[in-house]
Structure formats: C-alpha cells, structure tokens
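Here the structure comes first, spelled out in structure tokens, and everything after it is commentary.
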Amino acid sequence: MRPEPGQVLHFSEDPGITRFVPHVAATARQPEAYVWAVDAQRSPDYWFPRQCPRALAWVTPATTQADRDRIIGAGSGDRVHAIEYRWLESMRTVRLFAYRLPATVFRPFGSPEPHACVATEPVEPLGPAEPVGDLLRLHEEAGIQLRVLTALGPFWDAVVNSSVGFSGIRLRNAAA
C-alpha cells in the first residue's frame, strides 16, 4: 500500500475519519500542530499496528559493507524491520486503513532527511479509507525483511551505532 503520484498516505486503525485537523500529538517533539502523512518511500514504516514498537533499518550510500552484512544481512535486500514477538498476533489481525491525501497541501518534515509530510491546515481525504490488508504479505512483496525478536533493545543499539539509515517508532512501547 503506497500512495499514487500526487498523494501521500495517513495510516489509521479508524476507518471513519472524514477530515484531518492539525493537532499536537501527545508524543510530539515540536509545539506546532500538524496533520501527518507519509510518501511512498516511508509508507512501509507504517505497515504495523499503530502502537507497535518497531526498529527500521536500511542501506544508504554511506552504509559500510560490514554494517550491511551485520545489520541487514548479506544478500537479503536493502531493508529490515523488527518487532517483538508479543506484537506478532496484532500484526496478523489488525485492521489497518490508509487514507489518500492530496500531496499539494503537505511539505516534507525532518532533517537531515525528511521522514514525514505535514500540513498545517485541515485536510479531507481523496476518498474513503482503504483496507491495507495483510501486513506480513506487504513486507514480503516489498522485499522487506521482517524480524521478530524477543526484545528490540539489542537490535536497536546495534542499528543506531552503525552506518545504516534507521527509524524507531513507538519504541517507548517496547519490552524493557
């Protein structure tokens, strides 16, 4: 599930949203109110239940061969996502939806590399929410490894101390 040209996506477990209004998220690191969405490149970051902690890593031009082999795995694609075993059943059963939104009202957010798109005005979806479907299959079809670990901490520590690109989402929900 990725956006088409001229679109960004917002993923939600709520299929009934008719208007997105800027707000300051409870976990926000900035005081501005935004509507959040993602582009095609970052859509896989959200192929998870909303509260599921996940550690994401990918190859960048700066990634060393040693880090690629150690973190991503030799000959196993350019990207890996990791979750904990306790979230696996949720990954299998969650009903996740994607909203297609007009990209023209959004701007890239994050530096040095944007990781999201934000709008500062209310946004109406281009159509009804679309079921995302089987999240495990999406990962497989996209060639993204999905690792299931007892705890994310050791993997996350290795990722952030390497040369791979990375993102951690909802890590506060990870096992201690």
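Please treat every number below as a calculation from the coordinates, not as lab data. Keep in mind the model is a prediction, meaning the values are calculated, not measured. Cβ coordinates were reconstructed from backbone atoms using ideal geometry, including for glycine residues, and neighbour counts include every protein chain displayed.
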Hey, residue 113 closer than 25 Å to residue 159 by Cβ, acidic (Asp, Glu) and part of a loop (DSSP other than H, G, I, E, B) or not: yes
Criterion violated by residue 48 - all others in (1) out of contact with any helix residue (DSSP H, G or I) (no Cβ under 8 Å at 6 or more places or on another chain); (2) under 19 Å from residue 12 (Cα atoms); (3) touching a residue at least 40 places away in the same chain (Cβ under 8 Å); (4) not β-branched (Val, Ile, Thr) satisfied: (1)
Residue list for the range 14-29, filter: touching a residue at least 60 places away in the same chain (Cβ under 8 Å) and outside any loop (DSSP other than H, G, I, E, B): 20
Total residues in the range 98-108, condition within 17 Å of the chain's Cα centre (by Cα) and either of a type outside the set (A, V, I, L, M, F, W, C) or surrounded by fewer than 17 Cβ atoms within 10 Å (Cβ to Cβ) (or both): 3
Filter result (without any contact (Cβ under 8 Å) to a residue 24 or more places away in the chain, in a helix (DSSP H, G or I) and surrounded by fewer than 12 Cβ atoms within 10 Å (Cβ to Cβ)) within the range 64-97: 65, 66, 89, 93
Subset of the range 15-35 [within 14 Å of residue 100 (Cα to Cα) and touching a Phe, Trp or Tyr at 6+ places or on another chain (Cβ under 8 Å)]: 15, 17, 20, 35
Of residues in the range 152-176 being closer than 13 Å to residue 81 by Cα and over 15 Å from the mean Cα position of the chain (by Cα), the one surrounded by the fewest Cβ atoms within 10 Å (Cβ to Cβ): 155
Residues satisfying the stated conditions in the range 120-150, i.e. aliphatic (A, V, I, L, M) and either closer than 11 Å to residue 1 by Cβ or surrounded by 15 or more Cβ atoms within 10 Å (Cβ to Cβ) (or both): 123, 129, 132, 135, 138, 142, 144, 146, 149
